[in-house]
Amino acid sequence: MNASRSLTLELGGILVTVAAALLCGSVVIMLTSSEPLVAIRAMFVDPLTSAFNIGTILNKAVPLILTGLALAVVFQTGVFSMGAEGQLYVGAFVGALVGVYGASLPPLLHFPLILLAAMAGAALYGAIPGILKAYLNADEVVTTLMLNFVAILTTSYLVNNPFKAEGVGGFARMEYIDKDVLLPKIIPGTNAHAGIFISLAAILVVYLLLYKTSIGYEIRLVGKNPQFAKYGGINTRKVVVLSVMISAALAGCAGIVETLGIQQTFKDNFSTGLGFDGIIIALLGRNHPAGVLAAALFYAYIQVGAQTMQFNSDMPREVAVIIQVLLVLFVTAQAIFAYLHQRMARRKAVM
Amino acid sequence: MVWETLWNQIVDLTLFAVLLRVMTPILLSALGGLISEIGGTINIGLEGLMLLAAFSSIAAGSAAGSWVVAVLTGVAVAMLVSAVMGFFSLKMNVDIIIAGFAVNLFGSGFTIFLMSKIYGLTGNYSPADAPRIPTVRIPLVEDVPVLGQLLSGHNLMVWIALLSVWFCIVLIYKTPYGVHLRAVGQAPQAAQSLGISVVRIKFTALLWSGAFAGLAGSFLSNGLTNMFVKDMTGGTGFLALAVVLLGNRNPVGVLIGSVVFGLASAIATIVQTIPGSPIPSQFIQLIPYVVTILALVFFALRQKRLAALKP
């Protein structure tokens with residue numbers, strides 16, 4: 001089977017599984033809502049009918065693209081990192097520190113410095129599980145899950161104590177970051193902010209990195225066949241550590257972009273699992289930057305749809321979770337895709 | 001002031017009672033994690049299984065007015081979801097980590113969904129007539145100072161959890177099933193060639209995992225508290241995974257690990273309630289996670305040294 005046919009098959013398979021997941025979600029709505037048509041309309045149509053809602057979809061997609069890319073990079077190396085959530089907190093925290101305490105810098109210097117600090121901080125944090133995996137063969141699933149708690153609790157302590165803004169009650173946060181370095185709104189009548197440009201740029205950069213550079217080649221080779229990569233003279237340990245650090249930098253970028261675009265400063269417990277959503281995005285997008293873009297936009301659409309549904313009907317927004325879970329299971333079910341390939345091959349043989 | 005309060009609680013054995021209560025869900029879910037881990041499948045879905053069990057048990061229990069119904073429902077639901085997880089991972093070839101991740105997602109979202117659809121509530125569900133897993137009072141012994149506090153007045157589930165440690169030792173080391181389970185975990189190919197059905201063993205291991213997570217979840221909503229709160233597990237399922245590794249993958253190790261983590265949890269709870277505490281509670285909550293990472297490093301270093309010693 002040639003490459004383009006294989007790609008069509010893969011894409012077709014993903015579309016079918018996505019449709020199946022959406023259908024299951026609709027069935028749940030049909031069965032449990034007293035006004036199912038209103039609810040389904042609110043879920044699937046309303047997000048697209050107003051400029052404001054489309055702006056919200058874009059805003060939701062911004063961090064999802066970045067965390068999706070973050071996980072696509074490590075997954076391509078064959079490392080099962082679950083640490084994007086913690087790395088995102090570290091990035092947002094370090095970036096916000098530079099944002100709050102570097103206010104005297106000229107904005108043109110200040111802004112890149114914030115991004116850089118966030119990404120560097122997160123990358124260093126990501127180096128921990130990377131090194132543990134590469135040199136000690138410590139299971140990355142467990143170390144990254146543990147490090148998530150470490151990051152969230154540590155930043156929570158810091159923002160509740162030394163770095164807490166004055167006069168803030170229950171929900172601890174730092175002082176607000178200066179308006180000059182916050183991401184501006186880009187479409188009138190919506191809340192869409194300029195973070196989308198950063199995310200789109202990141203897609204391009206990650207694409208070039210993975211498919212047009214030697215380190216990208218090494219990353220993919222280590223993921224596909226570590227033994228072969230090793231015999232081919234690739235320092236697989238270095239590649240593993242590097243890919244986890246790149247991934248963490250992207251997660252940190254997601255954290256600071258969300259901070260500068262939406263939150264306006266570091267807030268305690270601000271992320272609603274964006275790092276974990278990235279896992280779903282990467283899986284849906286088959287670890288390819290273009291796939292990540294499509295998956296993030298789709299995922300954001302579902303999330304906004306869930307909100308409009310909760311607002312306009314008797315259904316809670318958690319219905320979206322059912323769709324998400326089915327998406328994850330269907331899209332990663334290799335048996336389904338193997339079956340499709342097999343049938344395709346058989347049909348070809350008959351012809 | 002903090003030290004004084006803590007010391008008083010150690011002396012009058014309140015800390016001991018709190019420890020037993022707090023460590024019970026950790027221990028039960030860790031034993032669940034242990035069985036699947038020994039069978040070679042890491043179950044990161046414990047968190048979601050516990051949430052589903054916690055919700056379904058209090059819902060069914062308060063409807064039926066019986067704690068037995070509550071616990072049985074919790075266990076049944078968690079086992080059912082484990083079976084679905086097993087179907088996707090073993091039959092549809094979904095990576096077991098992704099399947100577990102999906103279960104966590106599902107457990108958190110679906111319980112909130114049901115709470116909203118059934119009761120019209122968003123944050124927590126605390127029925128006035130919720131049944132409670134009974135407390136075991138031992139006559140005569142309960143009147144003896146110290147001994148009474150040590151042995152009497154604990155929740156039944158605390159005893160079930162402790163007995164489960166013994167049960168797991170028997171199951172894993174003394175039964176044919178345990179032999180198969182360990183064989184599948186250590187050398188699946190060899191086990192297969194000896195005629196052991198790897199898929200069936202892994203599937204039943206996941207069911208055991210679900211059963212223990214179900215007990216843990218039922219205890220959360222019907223013993224430790226008397227309500228369901230959204231995402232009430234708060235990372236217990238992940239702690240359980242850590243306990244399995246920290247306990248060096250055996251039941252007694254898991255018991256010790258649960259005591260350590262339970263203690264950190266219990267002290268954090270006490271410190272949080274003392275005003276003006278000099279130790280931030282976040283740091284005490286951090287201890288288990290940091291200890292786990294250090295333990296992983298330690299095990300890895302030891303293994304490396306052992307490997308280097310081999311000719």
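Just so you know, all these numbers are worked out from the coordinates, no wet-lab data involved. Computed from a prediction, not measured in an experiment: that's the story for all the values here. Counting neighbours? That spans all protein chains shown, and the Cβs are built from the backbone with ideal geometry, glycine included.
List the trypsin sites (Lys or Arg not before Pro) within the stretch B:122-186 that DSSP assigns to loop and that have no more than 16 neighbouring Cβ atoms inside 10 Å. Don't skip to the answer; put the middle values down first.
Details: sites: B:Arg132, B:Arg137, B:Lys174, B:Arg182; in loops: B:Arg132, B:Arg137, B:Lys174.
Passing sites in the stretch B:122-186 are B:Arg132, B:Arg137, B:Lys174.
Would you please give the FRET efficiency between A:Arg346 and B:Phe283, computed as 1/(1 + (r/R0)^6) with r the Cβ-Cβ distance and R0 = 51 Å, to the nearest 0.05? Write out the running numbers ahead of the final one.
Values: r = 61 Å, r/R0 = 1.19.
Here the calculated transfer efficiency is 0.25.
Ratio of the stretch A:61-289's C-alpha Rg to 2.2 N^0.38 Å, to two decimals? Could you put the intermediate results ahead of the total?
Numbers: Rg = 17.6 Å, N = 229, 2.2 N^0.38 = 17.3 Å.
Normalised Cα radius of gyration, the stretch A:61-289: 1.01.
What ³J(HN,Hα) values, in whole Hz, does the Karplus curve 6.51 cos²θ - 1.76 cosθ + 1.60 give for the stretch A:284-293 when θ = phi - 60°, with x put for Gly and Pro?
4, x, 6, 6, 10, x, 5, x, 4, 4
Principal axis lengths of the stretch A:203-351 from Cα atoms, whole Å, largest first?
The principal-axis extents, from largest down, are 56, 49, 22 Å.
Averaged over A:147-155, how many beta carbons belonging to a partner chain fall within 10 Å of each residue's beta carbon? Don't skip to the end; give the middle numbers.
Details: counts 4, 3, 11, 6, 1, 5, 10, 4, 1.
The mean count of partner-chain Cβ atoms within 10 Å per residue comes to 5.
So if we plug the beta-carbon distance of A:Ala20 and A:Tyr135 into 1/(1 + (r/R0)^6) with R0 = 45 Å, what FRET efficiency do we get, rounded to 0.05?
On the way: r = 43 Å, r/R0 = 0.95.
Working from the Cβ atoms, E equals 0.60.
By what distance, in whole Å, do the Cα atoms of the stretch A:202-273 stretch along each of the three principal axes, largest value first?
49, 23, 16
Multiplying the sequence separation of B:Ala64 and B:Asp231 by 0.36 nm and subtracting their Cα-Cα distance, what value in nm do you get? Show your work: numbers first, answer last.
Numbers: separation 167, 0.36 × 167 = 60.12 nm, distance 2.40 nm.
Extra length available between B:Ala64 and B:Asp231 comes to 57.7 nm.
Where does chain B land at 222 nm, in deg cm²/dmol rounded to the nearest 500, when only DSSP H runs of n ≥ 4 count, each adding -39500 (n - 2.57), divided by all residues? Don't jump to the answer; show the numbers that get you there.
Working: 13 runs with 218 residues, N = 311.
After summing the helix terms and dividing by the residues of chain B, the value is -23500 deg cm²/dmol.
Using the Karplus curve 6.51 cos²θ - 1.76 cosθ + 1.60 with θ = phi - 60°, what ³J(HN,Hα) values do you get for each residue of the stretch A:34-48, in whole Hz, with x for Gly and Pro?
Each residue's phi maps through the Karplus curve to give 8, 9, x, 5, 4, 5, 5, 4, 4, 6, 9, 9, 3, x, 9 Hz.
I want the local charge near A:Pro226. Using Cβ-Cβ distances under 15 Å, sum +1 for each Lys or Arg and -1 for each Asp or Glu among the other residues. It would help to have the intermediate numbers written out before the result.
On the way: positive: A:Lys133, A:Arg220, A:Lys224, A:Lys230, A:Arg237, A:Lys238; negative: A:Glu140, A:Glu218.
So the surrounding residues net to +4.
Per residue of A:331-343, count partner chain C-beta atoms within 10 Å of its C-beta, then hand back the mean as an integer. Walk me through the numbers before you get to the answer.
Values: counts 2, 10, 9, 4, 6, 3, 2, 2, 1, 0, 0, 0, 0.
Average per residue, whole number: 3.
Could you check the simple spin-label distance between B:Lys174 and B:Ala187, using points 7 Å along Cα→Cβ, in nm with one decimal?
Placing both labels 7 Å beyond Cα along the Cβ direction yields 2.7 nm.
Hey, fewest Cβ within 10 Å first, where do B:Met115, A:Met245 land in order?
On the way: B:Met115 22, A:Met245 25.
Ordered by Cβ neighbours within 10 Å, fewest first: B:Met115, A:Met245.
Hey, what does the equivalent ellipsoid look like for the stretch A:111-182, semi-axes from the Cα gyration tensor as sqrt of 5 times each eigenvalue, largest first, whole Å? Please list the in-between numbers first.
On the way: eigenvalues 179, 62, 10 Å².
Gyration-tensor ellipsoid for the stretch A:111-182: 30, 18, 7 Å.
Can you tell which of A:Gly261, A:Gly102, A:Gly126 shows the greatest fluctuation in a Gaussian network model of chain A with Cα springs below 10 Å?
Sorting by GNM fluctuation, first place goes to A:Gly102.
Quick check on chain B: what does the Kirkwood estimate of hydrodynamic radius come out to from the alpha carbon pairs, in Å? It would help to have the intermediate numbers written out before the result.
Values: mean 1/r = 0.0492 Å⁻¹.
Value: 20.3 Å, from the Cα pair sum.
Using the number of other C-beta atoms within 10 angstrom as an exposure proxy, rank B:Lys230, A:Lys212 with the fewest first.
On the way: B:Lys230 18, A:Lys212 9.
Starting with the residue having the fewest Cβ neighbours, the order is A:Lys212, B:Lys230.
Fewest Cβ neighbours within 10 Å first, please rank A:Tyr231, A:Tyr89, A:Tyr301, B:Tyr125 accordingly. List each step's numbers first, then the result.
Values: A:Tyr231 9, A:Tyr89 31, A:Tyr301 20, B:Tyr125 23.
Exposure proxy ranking, most exposed first: A:Tyr231, A:Tyr301, B:Tyr125, A:Tyr89.
Within the set A:Lys224/B:Lys91; B:Lys91/B:Lys304; B:Lys202/B:Lys230, which residue pairs have Cα atoms separated by over 32 Å? All intermediate terms of the calculation are to be shown ahead of the outcome.
Details: A:Lys224/B:Lys91 23 Å; B:Lys91/B:Lys304 35 Å; B:Lys202/B:Lys230 30 Å.
With Cα atoms farther than 32 Å apart: B:Lys91/B:Lys304.
Would you tell me the mean number of C-beta atoms belonging to other protein chains that fall within 10 Å of each C-beta in A:130-136, as a whole number? Mind showing how you got there, number by number?
Numbers: counts 0, 0, 4, 1, 0, 2, 8.
Mean number of neighbouring Cβ atoms from other chains: 2.
Report the label-to-label distance for B:Asn250 and A:Lys212 in nanometres (one decimal), using points 7 Å from each Cα along the Cα→Cβ vector.
Here the answer is 5.7 nm between the modelled labels.
Out of residues 5 or more away from B:Val136 or on other chains, whose amide H comes under 5 Å of its own, with H placed 1.01 Å from N in the peptide plane?
Distant-sequence amide H within range of B:Val136: B:Gly153, B:His154, B:Asn155, B:Leu156.
Gaussian network model of chain B, Cα springs within a sub-10 Å range: biggest mean-square fluctuation belongs to which of B:Gly100, B:Gly195, B:Gly109?
B:Gly195
Most mobile of B:Ser221, B:Ser89, B:Ser116 per a Gaussian network model of chain B (Cα springs, under 10 Å)?
Sorting by GNM fluctuation, first place goes to B:Ser116.
What list of ³J(HN,Hα) couplings, whole Hz, do you get for the stretch A:99-105 from phi and the Karplus terms 6.51, -1.76, 1.60, once you set θ to phi - 60° and write x for glycine and proline?
x, 6, 8, x, 4, 7, 6
Please give the calculated 222 nm ellipticity per residue for chain A, where each DSSP H segment of at least 4 residues contributes -39500 (n - 2.57) and the sum is spread over every residue; nearest 500 deg cm²/dmol?
-25000 deg cm²/dmol
Using the beta-carbon distance between B:Leu306 and A:Phe228 and R0 = 22 Å, what value does 1/(1 + (r/R0)^6) give for FRET efficiency, to the nearest 0.05?
After rounding, the FRET efficiency stands at 0.20.
Find how many whole Å separate the alpha carbon centroid of the stretch A:106-153 from the alpha carbon centroid of the stretch B:96-124.
One Cα centre to the other: 29 Å.
Measuring from the lowest to the highest alpha carbon on each principal axis, how far does the protein assembly as shown reach, largest first, in angstroms?
75, 71, 66
Where in chain B are the DSSP H helices whose C-alpha atoms run 20 Å or more along the long axis and whose mean Kyte hydropathy is at least 1.0? The partial results should precede the final answer.
Working: long enough: B:14-38 (35 Å, 1.74); B:46-64 (26 Å, 1.50); B:67-86 (28 Å, 2.24); B:96-114 (26 Å, 2.02); B:156-173 (26 Å, 2.58); B:198-219 (32 Å, 1.23); B:251-273 (33 Å, 1.78); B:281-309 (43 Å, 1.27).
Long hydrophobic helices here: B:14-38, B:46-64, B:67-86, B:96-114, B:156-173, B:198-219, B:251-273, B:281-309.
Count charges around A:Gly275 for me, please; just the other residues with Cβ under 15 Å from its Cβ, Lys/Arg as +1, Asp/Glu as -1.
With Lys, Arg at +1 and Asp, Glu at -1, the neighbours total -3.
Report the net charge of residues surrounding B:Ile196, where surrounding means a beta-carbon distance below 11 angstrom and charges are Lys +1, Arg +1, Asp -1, Glu -1.
Working: positive: B:Arg182, B:Arg200, B:Lys202; negative: none.
Neighbour charge sum, excluding B:Ile196 itself: +3.
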